[in-house]
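Undergrad: I have a structure here, written as structure tokens, and I will follow up with some questions on it.
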Amino acid sequence: MILGLTISQFAALHVAISLVGIGAGLIALPALVRGRRLRRTNGIFLWTTLLTSLTGFLFPIVALTPALGTGILSTLILVFAFAAYYDRKLVGRAATVYAVSATAALYLNMFVLVVQSFRKVPALNALAPNGTEPPFAAAQGALLLAAILFGYFAVKASRRPIAA
């Protein structure tokens, strides 16, 4: 049991938190690219993405796995996103730091979503049962390309004034 929940209940809670973070990120970050700061949505994105990483560390750990490494990396990236957003208020270079770190955090959360989708969704698992097949690589490649493009536009937009 974890926090009074069975492993499957805790996993469902972890996934729900992650999906809220992804949804909020997919709303908040494009708004920033368009020059709008959605304070509440950005807050939801940051806190649920951090909570996703932190709850991931509560699962039984027996070895350093890719999931654990992703959680550690995401948490470190979120330190910069939180500092830029809450401490520096996106002033000056903090806006660029936030654009890069928030994009990276969203990418990592979505990277795990794709991995888990190919593991758990029968139709996707049939296409790539080992996670090394071309459909899996294509999905991850498309996600990486989208993150790079989005990051480019986010950095570019971070150099313009942002409306509240």
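Each value in this text was obtained by applying a stated rule to the coordinates, not by laboratory testing. No experiment lies behind these values; they were computed from the predicted model shown. Cβ sites come from the backbone with ideal geometry, for glycine too, and all protein chains shown count toward neighbours.
Undergrad: Among 143, 35, 131, whose Cα sits farthest toward the positive end of the charge dipole of the chain (+1 at Cβ of Lys/Arg, -1 at Cβ of Asp/Glu, about the Cα centre)?
TA: My answer, from the dipole projection, is 35.
Undergrad: Just flag the trypsin sites (Lys or Arg not before Pro) in region 107-164 sitting in loop per DSSP whose Cβ has no more than 16 other Cβ atoms within 10 Å.
TA: Working: sites: 119, 120, 156, 159; in loops: 159.
Within region 107-164, the qualifying trypsin sites (Lys or Arg not before Pro) (loop, at most 16 other Cβ atoms within 10 Å) are 159.
Undergrad: For region 84-164, what does the relative contact order come out to in percent, with C-alpha contacts under 8 Å and a separation of six or more? Spell out each step's value before the answer.
TA: Working: 61 pairs, mean separation 28.0, N = 81.
This gives 35 percent for region 84-164.
Undergrad: How much mean residue ellipticity at 222 nm does the chain get from its helices, if each DSSP H run of length 4 or more adds -39500 (n - 2.57) and you divide by all residues, to the nearest 500 deg cm²/dmol?
TA: Numbers: 6 runs with 121 residues, N = 164.
Value at 222 nm, helices only: -25500 deg cm²/dmol.
Undergrad: In Å³ and rounded to a whole number, note down the convex hull volume per residue for the Cα atoms of the chain. Could you put the intermediate results ahead of the total?
TA: Values: hull volume 18.5 nm³, N = 164.
In the chain, the Cα hull volume divided by residue count equals 113 Å³.
Undergrad: In addition: Tell me the trypsin sites (Lys or Arg not before Pro) within region 1-68 that lie in a loop according to DSSP and have at most 13 other beta-carbon atoms within 10 Å.
TA: Values: sites: 34, 36, 37, 39, 40; in loops: 34, 37.
Counting only loop positions with at most 13 other Cβ atoms within 10 Å, the trypsin sites (Lys or Arg not before Pro) in region 1-68 are 34.
Undergrad: Let me spell out the model: positive unit charges on the Cβ of Lys and Arg, negative unit charges on the Cβ of Asp and Glu, origin at the Cα centre of the chain. What dipole size does that give, in debye rounded to 20?
TA: Numbers: 13 positive and 2 negative charges, 169 e Å.
My answer is approximately 820 debye.
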